[in-house]
Amino acid sequence: MDSFFVYISVILIVIISIPLYRIYLGPTLYDRILGASAIGTKTLVLIVLIGCVYGRLEMFLDITLAYAVLNFIGVLAIAKYLNSARGRHG
């Protein structure tokens, strides 16, 4: 059973690395923010898998929920800042 989680984790790490292309070579700042948000979302699943491997799912689920809220608030704050900056200069 542990080897199943290891294989899934490796596949998930590969999937997490795909949005790095969007972050480094994204044509706009909004594309880069979207890539960072996608990495944050996939990291949530990876943290839950780690919790399953260690048998402490309830603890890792709490960590995942806190990380999800921080990820969401961070993206909203950046979007709000960019929207206000665009309104002043555009």
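Here, each number is a calculation from the coordinates, and none is a lab measurement. Worth saying up front: this structure is predicted, and the values here are computed from it rather than measured. Virtual Cβ from ideal backbone geometry, glycine too; neighbours counted across all protein chains shown.
Some observations on this one:
- Taking other residues whose beta carbon is less than 11 angstrom from the beta carbon of P19, and scoring Lys, Arg as +1 and Asp, Glu as -1, yields +2.
- Structural descriptor for the chain: relative contact order 23 percent, calculated from alpha carbon pairs under 8 angstrom and at least 6 residues apart.
- Label selected from (i) 64; (ii) 32; (iii) 52, the criterion being percent of Cα pairs over 19 Å apart as computed here: (iii)
- Positive-end extreme of charge dipole, the chain - chosen from M59, V45, F5 (charges on Cβ): V45
- A simple count of charges around L29, restricted to other residues whose Cβ falls under 13 Å of its Cβ and scoring Lys, Arg +1 and Asp, Glu -1, yields +2.
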